1. Mind telling me which of the residues Tyr286, Tyr264, Tyr240 ends up being within 16 Å of ligand 3 (Cβ to nearest atom) and hydroxyl-bearing (Ser, Thr, Tyr)?
2. Do you know which of the residues in segment 6-45 that are in contact (Cβ under 8 Å) with a residue 12 or more places away in the chain and part of a loop (DSSP other than H, G, I, E, B) is nearest to Asp198 (Cα to Cα)?
3. Does Ser135 satisfy the criteria of being within 16 Å of ligand 1 (Cβ to nearest atom), farther than 30 Å from Leu50 by Cα and either at pLDDT 95 or above or not assigned by TED's automatic domain parsing to the domain that holds Thr170 (or both)?
4. Take Val90 and tell me if it is within 16 Å of the chain's Cα centre (by Cα), away from ligand 3 (no atom under 16 Å from the Cβ) and of a type outside the set (Phe, Trp, Tyr).
5. So Gly122 ticks every box in (1) within 16 Å of ligand 3 (Cβ to nearest atom); (2) of a type in the set (Gly, Ala, Ser); (3) touching a helix residue (DSSP H, G or I) at 6+ places or on another chain (Cβ under 8 Å) but one. Which box is left unticked?
6. Could you say which residue among Tyr244, Tyr258, Tyr240 is of a type in the set (Phe, Trp, Tyr) and either touching a Ser or Thr at 6+ places or on another chain (Cβ under 6 Å) or within 14 Å of ligand 1 (Cβ to nearest atom) (or both)?
7. Spot the failing condition for Lys39; the list is (1) within 19 Å of the chain's Cα centre (by Cα); (2) farther than 26 Å from Gly155 by Cβ; (3) at pLDDT below 95, and only one is missed.
Amino acid sequence: MGQSKIVTLERHIIEIERRHPGATGNFSNVLRDLSLAFKIIWREVSKAGLVNILGAAGTQNVSGDSVKKLDVFADETIFKTMDHSGHLCVMASEEHESIIAIPDQYPKGKYVLLYDPLDGSGNIDANVSIGTIFSVYRRISHQGNGTIEDILQPGYKQIAAGYVVFGSSTMLVYSTGDGVHGFTLDPSIGEFLLSHEDIKIPKRGKIYSVNEGNYKWWDNGVKRYIKHLQEEDAATSRPYASRYIGSLVADFHRNLLYGGIYLYPGDARNRNGKLRLMYENNPLAYLCEQAGGRAINGEKRILDVIPTELHQRTPLFIGSEEDVTLCEKFLREG
Ligand code: AHG
Ligand code: MN
Ligand code: MN
């Protein structure tokens, strides 16, 4: 008999919540509802390759149902799972220009949800890993519909964050401030089972992940740092390996487990890089810090950036503590 116990996501959430005296259980319900949305998204994602047989996105499938693009489907699924729960007062999604109100007929709760419904969506047609990212805050406003102020909170105020990676298996990784925990979906029973308890990112890795096609637009500090990682030095495990999927969730997930650094720097074309603070950088920075790593925008901690716009972008340097610290030094020196 194996020694390990079998723990579902739902049981884990309840046990973590018990460590917080006075918890009402409302928050556990937010995570439980989200896990339902993720299973529905997984069901569709895993059929993505059948689209040519069953009907292309934007057309009707053989049963006459209209087939939606997966990112639209994922976006609607999260909204439809979460809007009526009574636990949220407002949402925001990478797919919507403005904040998303809870419909009038439903009660408003004390939490705020932000999400990137499908990350790495450009990879879907090649059957490469993609993901979903989420972030939860406590509301600031006192009652009724949540407002833009409830959404535009700095990342250090997150009370939970996580992602699902749809890879060779589907995993959910989340934190509520008590470490980072990973669950693997067992499709035969439709449950996320605890598979990676209290994940810690290695202090130093051997991997760097960056879109090197942007090299010519990079600042000197970034160019010098990457060159440094490519130089030979047995004492510091250099040269590093280059690994870049082009799905942030999948790139981050690999580096979280193996150690290393992911960079999406600002460059001569886009001073703020590409990735979005509220839907991508903040939740992953929260998870990375919870796992013992670091996440900065080049000048400060990602979690300390005060957001001013819903779809704001910031540079991102995230991963193993020592790797990010060395990168920071190169960026400062220019
Ligand atoms: P999304 O699919 O949510 O728009 O995000 C795409 C992002 C991210 O997943 C990925 O790491 C990055 O774009 C890749 O950008 P490049 O193609 O510029 O490397
Ligand atoms: Mn994304
Ligand atoms: Mn997206």
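1. On the way: Tyr286 fails: within 16 Å of ligand 3 (Cβ to nearest atom); Tyr240 fails: within 16 Å of ligand 3 (Cβ to nearest atom).
None of the others qualify; the one that does is Tyr264.
2. Val7
3. yes
4. Details: within 16 Å of the chain's Cα centre (by Cα): no; away from ligand 3 (no atom under 16 Å from the Cβ): yes; of a type outside the set (Phe, Trp, Tyr): yes.
Considered against the rule, which asks whether it is within 16 Å of the chain's Cα centre (by Cα), away from ligand 3 (no atom under 16 Å from the Cβ) and of a type outside the set (Phe, Trp, Tyr), Val90 comes out as no.
5. (3)
6. Of the residues listed, the single one that is of a type in the set (Phe, Trp, Tyr) and either touching a Ser or Thr at 6+ places or on another chain (Cβ under 6 Å) or within 14 Å of ligand 1 (Cβ to nearest atom) (or both) is Tyr244.
7. (3)
Each row is one residue, and each column tells you yes or no for (1) modelled with pLDDT of 95 or more; (2) crowded, with 22+ Cβ neighbours inside 10 Å; (3) in the same structural domain as Thr308 (by TED's automatic domain parsing).
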{"residue": "Ser141", "(1), (2), (3)": "yes, no, no"}
{"residue": "Ile151", "(1), (2), (3)": "yes, yes, no"}
{"residue": "Leu185", "(1), (2), (3)": "yes, yes, no"}
{"residue": "Ser188", "(1), (2), (3)": "yes, no, no"}
{"residue": "Asn211", "(1), (2), (3)": "yes, no, yes"}
{"residue": "Tyr215", "(1), (2), (3)": "yes, no, yes"}
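The values are calculated or read from the model by the stated rules, or taken from the named source; none is laboratory data. No experiment lies behind these values; they were computed from the predicted model shown. When we count neighbours, we look across all protein chains shown, and the Cβ atoms used for this are built from the backbone with ideal geometry, even at glycine.
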